[in-house]
Amino acid sequence: MPLETMQPKTMQLKLIMALVSDEHSEDVLHAAREAGATGSTVINNARGAGLKPRKTFFGLDLVSQCDVLLFLVEANIARKVLETINEAGRFDKESGTGMAFQLDVEDAVGVARQMAAIQRTD
């Protein structure tokens, strides 16, 4: 059946944003997919400031880059994905590894293929 003719399924979506240190990004991406995320968007080379001041060397910042990972997921699996990301990224175990949070999504377009894939697995 063509995607255009499918009846849209009412879905509640969450946007999970994970700010992840470079060395954990691939682990987090893999873990999120295993937990049910159907895709992701990666924004490379972000920087942030945490609790402790940055280390410097002759005035140059010695801060590793981090990635911003975005996951649009169904609300019913969002908490599972969030907890899986936390474990894979070691956010609560090691300082400076990253953080993740989720936001409600009111509406979304351009996700018909992901919604069709999710409907097939339901």
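Just a few scattered comments:
- Sub-7 Å Cβ pairs linking a first residue in region 92-118 that is among the hydroxyl-bearing types (Ser, Thr, Tyr) to a second residue that is assigned to a loop (DSSP other than H, G, I, E, B), at least 6 apart or interchain, are Thr97/Arg90; Thr97/Phe91, ordered by first then second residue.
- Where a residue in region 73-87 is in contact (Cβ under 8 Å) with a residue 24 or more places away in the chain and its partner, wherever it lies, is assigned to a helix (DSSP H, G or I), with Cβ under 6 Å and at least six apart: Val73/Val81; Val81/Ala32; Thr84/Ala31; Ile85/Val28; Ile85/Ala32
- Residue selected from region 88-101 under the condition of a type outside the set (Ser, Thr, Tyr) and touching a helix residue (DSSP H, G or I) at 6+ places or on another chain (Cβ under 7 Å), by the criterion nearest to Val20 (Cα to Cα): Gly98
A short reminder: the numbers here are calculations on the coordinates, not readings from a lab. None of these values were measured; they are calculated from a predicted model. All Cβ positions, glycine included, derive from the backbone under ideal geometry; neighbour counts span all protein chains shown.
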